[in-house]
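Enquirer: Could you have a look at this structure, given as structure tokens, before my questions?
The values are calculated or read from the model by the stated rules, or taken from the named source; none is laboratory data. These figures come from a predicted structure and were not determined experimentally. Every residue, glycine among them, receives a Cβ derived from its backbone with ideal geometry; neighbour counts consider all protein chains shown. When the accessible area is computed, the model is the full protein with side chains, heavy atoms only, and any ligands, DNA or RNA have been set aside. Shrake-Rupley method; radii C 1.70, N 1.55, O 1.52, S 1.80 Å.
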Amino acid sequence: GGSYRFLRARQVGGKSTILFRLEREDVLDYHEYELTWDGQDHKISDIYMFAMGETYSEFMRRLILPLAAQQDRSLASGLATVESDYVKHTDTMALAGRQMQNGQPAEALKTLADLPPKMRQFRPAMLMRVNFARMVGGKEYDDAMDEFARLFPDDPATDLLLFDSFFSRKQYDKALKV
């Protein structure tokens with residue numbers, strides 16, 4: 001059970017969007033649908049998922065890049081540096097994900113810490129760190145949240161993550177200001 005509720009329609013960067021809130025027992029997320037007009041109907045061109053901190057198209061690209069690079073080794077040389085680095089370190093990030101699934105968030109954090117500095121600051125890696133650190137708690141979570149907020153101050157996911165962080169620490173006044 002849960003709910004999926006329309007919140008508002010708005011213009012963002014000259015594009016029409018509609019915002020929905022997803023609420024389930026342990027999940028709060030927002031989905032912002034980007035709309036295009038084909039002359040007859042509005043169509044959904046992408047979805048920004050706040051909890052993931054990226055659009056669905058970015059998420060799918062990230063999933064496909066390592067597979068495509070395996071098929072065509074020259075592909076990585078034509079990618080932006082951060083994407084090329086991501087392809088090189090996909091196995092490490094996948095290992096961290098498996099460690100988390102196996103109930104080893106501290107080990108998963110250590111695995112992420114072994115990534116090169118630029119990769120540790122890659123938004124998907126930072127989101128993994130925040131989520132893993134939430135399970136460890138304490139200073140680890142506070143440090144991960146502080147770094148995410150510093151690196152991505154204008155990212156819509158930052159507000160949702162900060163709200164969760166403040167709420168979990170019972171800092172309700174700060175949660176309400178986010």
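Enquirer: Write out, first by first residue and then by second, each pair whose Cβ atoms fall under 8 Å of each other, whose residues are 6+ apart or on separate chains, and whose first residue, in region 84-98, is within 14 Å of Leu109 (Cβ to Cβ) while the second is open to solvent by 30 Å² or more (accessible area, probe 1.4 Å).
Expert: From region 84-98, the pairs are Thr92/Asp114; Met93/Met128; Ala96/Met128; Gly97/Met128.
Enquirer: Another question, if that's okay. Answer yes if at least one residue in region 155-165 is part of a loop (DSSP other than H, G, I, E, B) and either modelled with pLDDT of 95 or more or more than 30 Å from Leu19 (Cα to Cα) (or both), and no otherwise.
Expert: No, because not a single residue in region 155-165 is part of a loop (DSSP other than H, G, I, E, B) and either modelled with pLDDT of 95 or more or more than 30 Å from Leu19 (Cα to Cα) (or both).
Enquirer: Applying the selection to region 18-30, what residues are surrounded by 10 or more Cβ atoms within 10 Å (Cβ to Cβ) and free of Cβ contacts under 8 Å to residues at least 24 places away in the same chain?
Expert: Of everything in region 18-30, those that are surrounded by 10 or more Cβ atoms within 10 Å (Cβ to Cβ) and free of Cβ contacts under 8 Å to residues at least 24 places away in the same chain turn out to be Ile18, Leu19, Phe20, Arg21, Leu22, Glu23, Arg24.
Enquirer: Write out, first by first residue and then by second, each pair whose Cβ atoms fall under 7 Å of each other, whose residues are 6+ apart or on separate chains, and whose first residue, in region 57-74, is surrounded by 10 or more Cβ atoms within 10 Å (Cβ to Cβ) while the second is among the polar types (S, T, N, Q).
Expert: These pairs meet every condition: Pro66/Thr90.
Enquirer: For region 127-148, does any single residue satisfy the condition of being outside any helix (DSSP H, G or I) and either touching an Asp or Glu at 6+ places or on another chain (Cβ under 6 Å) or closer than 23 Å to Val87 by Cα (or both)?
Expert: No, region 127-148 contains no residue that is outside any helix (DSSP H, G or I) and either touching an Asp or Glu at 6+ places or on another chain (Cβ under 6 Å) or closer than 23 Å to Val87 by Cα (or both).
Enquirer: While we're on this one: For region 13-48, give me each residue that is out of contact with any strand residue (DSSP E or B) (no Cβ under 6 Å at 6 or more places or on another chain) and not in a loop (DSSP other than H, G, I, E, B).
Expert: Within region 13-48, Val27, Leu28, Trp37 meet the criteria.
Enquirer: Lys174: among the charged types (D, E, K, R), more than 18 Å from the chain's Cα centre (by Cα), open to solvent by 20 Å² or more (accessible area, probe 1.4 Å) and over 29 Å from Glu32 (Cβ atoms), yes or no?
Expert: no
Enquirer: Here are the criteria: (1) open to solvent by 50 Å² or more (accessible area, probe 1.4 Å); (2) modelled with pLDDT of 95 or more; (3) not small (Gly, Ala, Ser). Tell me which single one Pro117 does not satisfy.
Expert: All conditions are met except number (2).
Enquirer: Taking into account only those residues within region 1-17 that are of a type outside the set (S, T, N, Q) and in contact (Cβ under 8 Å) with a residue 12 or more places away in the chain, which is farthest from Pro156 (Cα to Cα)?
Expert: Restricting to residues being of a type outside the set (S, T, N, Q) and in contact (Cβ under 8 Å) with a residue 12 or more places away in the chain, the top hit is Gly1.
Enquirer: Across region 31-43, what is the total count of residues that are surrounded by 10 or more Cβ atoms within 10 Å (Cβ to Cβ) and among the charged types (D, E, K, R)?
Expert: Counting residues in region 31-43 that are surrounded by 10 or more Cβ atoms within 10 Å (Cβ to Cβ) and among the charged types (D, E, K, R) gives 3.
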